[in-house]
Structures are given as structure tokens and as C-alpha cells.
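Engineer: Just passing along the structure, written as C-alpha cells.
Where a number appears in this text, it was derived from the coordinates with a stated rule and is not lab data. Fair warning: this is a prediction, and the values are worked out from it, not measured in the lab. Ideal geometry is used to build each Cβ from the backbone, glycine not excepted, and the neighbour counts take in all protein chains shown.
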Amino acid sequence: MFKIIKQLTSLVAMFAVLFAFSTETMAAKKSKTLENTKKRGFVRCGVSQGLPGFSNADESGNWTGIDVDVCRAVAAATLGDATKVKFTPLSAKERFTALTSGEIDILSRNTTWTLSRDADIGLTFVGVNFYDGQGFMVRKGSGIASTSEFKNGTSVCTNLGTTTELNMRDFFDSRGISYEPVVFEKADEVVAAYDAGRCDTYTTDKSGLAAQRTKLSAPDDHVVLPETISKEPLGPVVRQGDSVWEDIVRWSLNTMIEAEEYGVNSSNADMMKTSNNPAIKRLVGAEGELGAAFGLDNEWNLRIIKQVGNYGESYKRNIADTGILPDRGPNELWTKGGILYVPPAR
Amino acid sequence: MNNIIKRYIPQILAVLFVVLIFGFLTLNAQTNMDNRGIDFGFDFLSQESSFDVQFSLIEYSGSDSYARAFLVGLLNTLLVSFISIIICTILGVIIGVARLSSNYLIKNTAAWYVEFFRNIPLLLQIFFWYYAALRALPMPEKADAWFGVTYMTVKGYYIPAMVWENLNVFLYCGLAAIIAIIVLRNYANNLRDTQGKQIPVLLYSVALLIVLPLLSFLFGGVSLEFEIPELKKLSKISYIYEGGISLPPELIALVLALSLYTSTFVAECVRAGIEGVSKGQKEAAASVGLTPNQVLKLVIMPQALRIIIPPTTNQYLNLTKNSSLAAAIAYPDLVLVFAGTALMQTGKAIEIVSITMLTYLTISLTIAAIMNWYNKKIEIKEK
């Protein structure tokens, strides 16, 4: 009998531990992401498995790219150090589950903002850091110069779990062309199959095509067709239910874009503290109490600009100088003919 | 009283514990999903899927529902498993018997085959067959015809399609032939048991299988035409075959990898089964005057099968589950279509993963049930 009582008590103890644990995880529904991030000492960021210009790791494991820079900006704002980010490479298929299950806190992985993703599956898009559109790549020798020259039976290689699959169907169906979708889980497999001649064309976001073209055995033999068949606003995503964290990520991105607008960059940020323009002074933390709204100190935005740079610097470093898309196109500031336009930080 | 408590309390507690754990997990998932505004439900299954699938056994387009997409994936999984199981069984039996051959070359070749294919991870083999095939196969316009009318190309294996007229008459004739064969076998067995006479059943069966369907062509109005694949130009440098049936290279690579890999395990089961029958049985059978063929058919195999069937069932189950690696090379199986694309487009992770798990469980249990039935049928019957 004594033995049974002993077993019982240990069982009860086990349950007590379990439930204590559970109440703690349940209480986390308020704005705990920032608190946990500070406690942990690094920002948990989900990125791609290797897309040059957006998020790509070099041989020594250093991540670079404009998607990576968004996470670095958040780390600079919240922890004071842009290097304190843990990057988790995710496939297109895994990315949302990783975010909603709490494995990462920011998903910055060239993800298209759509209604159903925003409203349906527990995600919140905080902004757009790259305006893209879906295109097609073909072999130069094919003589195809426009998507209107595709014929019945064209085989198309692409990635699993993307808006690409849906756009492609809309595109071919609306033109009454029958096609063969060949859908791979990883981008590298798509490239290998297209390279081997399995498919007549490769479709994904145009920036992706430009980046993946560099991985082909003879990049110069391939050409991206001029047409854009969809709108693909790419941007960082956070979990629904933590509006403060959402604001921090949104305004970290906005700060980078606004800094470019006002000509503040990583080298002149400190000097701008004494600027005559109040908008600039707010941007470098010399006026107003903008950080207080997120529970951050007043130099959060200055640190972003100093450590990561403004959007223009990030674009130049990652996308223009690497030869992926030297022309900024729609990703130019609204003041210079593009569509990058962010609400004022005040 | 004390004894009863001692016996039942731990069991009740164990059950309670499991129930509580599941309850806790469900509650936790529910709370987390509520917090994040995700709702649980299977309504999405009737919504329009709006994506296309490369290869399907049934009519399917993007305007069909997610439920139909599920069916497409399921049938593709069943197709690849079915073909691979048949091929791996045939190969496995041949290799298994070859390992017992007294010929040095045959024996060692079989042994090397087994050791080679079973010791390389399956995923690597799938990649090997797929990318090796893609690199090695010719583009459609450069392909030579195999058997005059089929073309093996980087875009798939193109074979002629059969265009039937009055197909049902033909099928009825086939069915009639099978029924006739069963009746004939029972009659022959009866004749052998009562009068000791033997008639060449196999010969008659083959004749029936050929003659009856042939009659349907002559008198039943059945006709068969072949639609031969023809080269079509898509652009200056790319071609495709039109007409006929195209077997995608993904399917071929997957079947190759799965059946070569699993056949090694089946071969070992077969070898174990045959070696498990004691030598005395063979010698005794030979001493009562049975021919070597009869010894194998009537004495060795019935006993060996009892040893072979249960472990082979495991291999069939493994093969079916391994077919989910298809997603790596773009073969649209259940995992790629449903747990891949459909999951991504709907975001219903818990629902879709549970449906997929239940589906694999059902397939496996069905295979196990069939094999258990077969095992029951061939086990020792005490008379």
C-alpha cells in the first residue's frame, strides 16, 4: 500500500510540473516575444535555404542579404547588436509552421504578402522590403522571346509551396495552354532539373530567377522573359497576437527606408544628431521619445542605421553590387520614381 | 481487496495518464491556435484547390477541390507502391534463389547485388536514378525508338496509347477465362484425388487465356488501335511527343530505386525461407520418387512460404512508406500534393498532417491484412 501511495505522489508531482509548464506557455500570449528575445540574447529569424541577394550563407556561415538585414535591424533595435541573430534556414513548405509554432519570431524569407496568408493562417505581414513579380526563364537557343510563344505541352519547373504554383495555373489556364508542372521541394533541385533539360522553362519570382541563373552550368545560355505575370510584394512576417513585436519589426524596416529618404546612412548617422531637420533628428533618436512606444530606449533607430545601414545601402551591398538586379526598378524610393513609400516616423 | 487494488490501480493510473497527456496536448494546441487566430476544421477540403498536378490517374484540374487533389496524390502513391511491390517481389525471388545456386558466379553476383543495394541510403539511390537518368537520357528529338514505337527521353518514356472499341466485351471474355480456369483447376484436383489421373492444367489455362479474348476480337466487335507518340516542336530547340502515354521520369526513377532497394530485403527473406526447410524433407521427397520440380513445388515451397511471408509483409509496408520520399524528386504523391502544396496553400497543418498519417496507416493496415490472410491460407492445416 505504501508503495502505491509513493507511486501516486510521484505521479501527482509529474502532473504539477506539466501544468506549471503549460500555464507558463499559455500566459505568453501577451507581448512576451520581446521579453523572451532579451532574455535569450538573440533574435530568432527564419530565412531561405540560400537565395543570393536575399538570404544566403557564405562558407564560414555568415548570412547576408536584404531579408537578413531586416532581422539584423531588429536585433540592433532590441538588443543593441546587429550580429545577435540566430538564422534558421527554412524550405518554403516549412516556413509558416516554424513561425506559428514559435520556433522563430520573424520570418524574413522572400515571402509574398497575400490575403489568405495574412488573414487565414495566424500570420501578420509587417511591410514590404522588395516588390517582385513572377517571371519565366528559358534557354536562349529556343528563340522564345515572350510568354505568348509558349505552346501546349510545355513543361515548367518550379518550387513547392509558393504562390508561384497558383499564378502559373492562372496564367496557363487563362490562355488555354496545357502544361506540365514539375514541382520540387528545394530550389537547388529545381535548378538541377531545369539545367538537365527536364523542363522547357523555369518559373519563380523574377529576383529569384536572376539569382538562381547564376547557379546554372552556363548562365549566359538562359534568359528571363520580359513579362511579369503576378504581383509579389515580399516582406517580413510575424506571428499574430503580439502587436508590440509586430510594431518593432515594422518600424525597424520603415526606419531603414525612411533613413534613405532623408539621406541618413551608416557613416553620417552620428553627425545627423545635430541636423536642423526635426524629422532627421527623430530618425537618429535626438528628438522625441519614439522608442518608448515599443518599450525600447531612444537610440533604437540610430543603432539600426549605424549597424545595418539604410535600405539603399542594403540594396546596393546585397543585390546591386552582386550583379543580381543592378536596376532598382519599383524598389526605388517614391521620391525617385519607385514605389517605396513608408508612413512617417513621428 | 488489497490484491485487487494492487492489480488494477497501476493499470487505471496508466490509462488515466495517457488520456490526460492527450487531453493536455489537445488543449494546449487549441489554446495556441486560438491565440494565433487559426481555426480548426475540415471545410477546406471542399474548396477549390487552384493548383495543377503534373501526373494524375483521374481527371483533375485546378478548379477541382482539395479532396480531389488528395485523391490524386493517394492514387499516385498507390500506383508507385503497387508497381514497385510487384517488381521487387519478382526480383527478390530470383535473387534469393540465385544466392542458393551452386554456380559460383551466380551465387556471388547475387550476394554482391544484395550487399550493394541494401547498404546505400534509399534517398541517395532515388537521387542517383533521377539525376543520372536526366543527365544520361537524350532530348526528345534525339531519342531512338525502342521497339519501333516507344521513346525514352529526358522528359519521360513515351509509349503508344491503346484506343479500344467495346472494351467491356473484351474484359468480360477475360473474366470468363479466369472463371473457367478456376473451375478447371478444381475439376483437375478432384480427378487427381479420386482417380489418380493428371491433366496438364497449366497448358489448358494458357490456352483459355489466349483463345477466349481472341474470340472477342473475331465475333464481339472488339477492336484495338494504337495511338503512336509523334514528335512536336515547342520552340526552336525544344520538342515533345504528343499522343500516346507519357510516363514521367520521376515515376520511373522512383520505381527503380524503390524496387531495387526493397528487392534485396525480399531476397534475404526468400533465402531464409528456403534454407529454413530442413534438408531431410528434400531427401525424403526425392526418395519417394518425386522429380526435382515436384520437390520444390510440393514439398519445399509450401513450407518455405510460411517463413517467407511475415518478414516480406514488413518489406511491402516499408516500401509503401518509403514511397513518400517521392517529394524529393517531384513525383506528385500524397506527401507532395497534399501534405506539400495543399498544406502550404491552406495552412491547415494539423488537419492535413493527421489526414495524411491516417491514410498511410490505413494503407499499411490493408496490406498487412491481405498478407495475414494469405499467411493464414498457407499455414499448416491439421487434418
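Engineer: Mind checking the dipole of segment A:134-230: about its Cα centre, +1 per Lys or Arg Cβ, -1 per Asp or Glu Cβ, Debye to the nearest 20?
Structural biologist: The calculated dipole for segment A:134-230 is roughly 160 debye.
Engineer: Using the per-residue mean of other Cβ atoms lying within 10 Å as a proxy for protection, in what order, highest first, do the peptides B:171-179, B:302-310, A:122-130 fall?
Structural biologist: Those peptides, ordered most packed to least, come out A:122-130, B:302-310, B:171-179.
Engineer: Test of understanding: ordering B:I94, B:I182, B:I355 by Cβ neighbours within 10 Å, fewest first, what list do you get?
Structural biologist: Ascending Cβ contact count within 10 Å gives the list B:I182, B:I94, B:I355.
Engineer: Per residue of B:30-36, how many C-beta atoms from partner chains lie within 10 Å of its own C-beta, taken as a mean?
Structural biologist: 6
Engineer: Enumerate the helices in chain B for which the Kyte-Doolittle hydropathy averages -1.0 or more and the C-alpha atoms extend at least 18 Å along the helix's axis, using complete DSSP H runs.
Structural biologist: B:2-35, B:66-99, B:104-118, B:122-136, B:167-195, B:201-219, B:249-275, B:301-322, B:349-378
Engineer: Sticking with this structure for a sec: Which part of segment A:310-346 falls in the paramagnetic zone of A:S243, meaning amide N under 20 Å from the point 7 Å along Cα-to-beta-carbon?
Structural biologist: Residues A:343-346 fall inside that zone.
Engineer: Per residue of B:48-56, what is the mean number of Cβ atoms on other protein chains within 10 angstrom of that residue's Cβ?
Structural biologist: Averaged over the peptide's residues, the number is 5.
Engineer: Going by a ≥ b ≥ c, the root eigenvalues of the Cα gyration tensor, does chain B fall in the rounded group (a/c under 1.5), the prolate group (a/b larger than b/c) or the oblate group?
Structural biologist: Verdict is oblate for chain B.
Engineer: Between rounded, prolate and oblate, where does segment B:305-383 land on the alpha carbon gyration tensor, with a ≥ b ≥ c its root eigenvalues, rounded for a/c under 1.5, else prolate if a/b exceeds b/c?
Structural biologist: In terms of gyration-tensor shape, prolate.
Engineer: May I ask which of A:K84/A:K215; A:K186/A:K215; A:K186/B:K232; A:K140/A:K316; A:K206/A:K316; B:K297/B:K377 have a Cα-Cα span longer than 22 Å here?
Structural biologist: A:K84/A:K215; A:K186/B:K232; A:K140/A:K316
Engineer: Also: For chain B, what's the relative contact order in percent, using C-alpha pairs closer than 8 Å and at least 6 residues apart?
Structural biologist: The value is 22 percent.
Engineer: Continuing with this model, one more query. Compute the relative contact order of segment A:134-230 as a whole-number percentage, counting only Cα pairs closer than 8 Å that sit 6 or more residues apart in sequence.
Structural biologist: In percent, rounded to a whole number, it is 47.
Engineer: Among B:I380, B:I106, rank each residue by its count of other Cβ atoms within 10 Å, from fewest to most, as a rough exposure measure.
Structural biologist: B:I380, B:I106
Engineer: Here is a follow-up. Can you tally the net charge around A:A345? Count Lys and Arg as +1, Asp and Glu as -1, for every other residue whose Cβ sits under 15 Å from the Cβ of A:A345.
Structural biologist: -2
Engineer: Then there's this: Counting other Cβ atoms within 10 Å, which trypsin sites (Lys or Arg not before Pro) in segment B:148-201 have at most 15 and lie in a DSSP loop?
Structural biologist: Taking segment B:148-201 and a limit of 15 other Cβ atoms within 10 Å, the loop trypsin sites (Lys or Arg not before Pro) found are B:K197.
Engineer: Against the globular-protein guess of 2.2 N^0.38 Å, express the Cα radius of gyration of the protein assembly as shown as a ratio, rounded to two decimals.
Structural biologist: Taking the Cα Rg and dividing by 2.2 N^0.38 Å, one obtains 1.21.
Engineer: Another question about this same structure. Quick check on the exposure proxy: order B:D333, A:D120, B:D34, B:D52 from fewest to most C-beta atoms within 10 angstrom.
Structural biologist: The fewest-first ordering by Cβ neighbours comes to B:D34, A:D120, B:D52, B:D333.
Engineer: On a full-extension model of 0.36 nm per residue, what is the gain between B:Q294 and B:R135, subtracting their alpha-carbon distance, rounded to one decimal in nm?
Structural biologist: Residue separation times 0.36 nm, minus the Cα-Cα distance, leaves 52.4 nm.
Engineer: I'd like the mean, over residues of B:339-348, of how many other protein chain beta carbons sit within 10 Å of each residue's own Cβ.
Structural biologist: Across B:339-348, the average partner-chain Cβ count within 10 Å equals 6.
Engineer: Where does the longest stretch of chain B lie that holds no GluC sites (Glu not before Pro) found in a DSSP loop with 12 or fewer other Cβ atoms within 10 Å?
Structural biologist: B:60-378
Engineer: What FRET efficiency, computed as 1/(1 + (r/R0)^6) with R0 = 25 Å and r the Cβ-Cβ distance, is obtained for B:S278 and B:S364, rounded to the nearest 0.05?
Structural biologist: E(calc), rounded to 0.05, equals 0.15.
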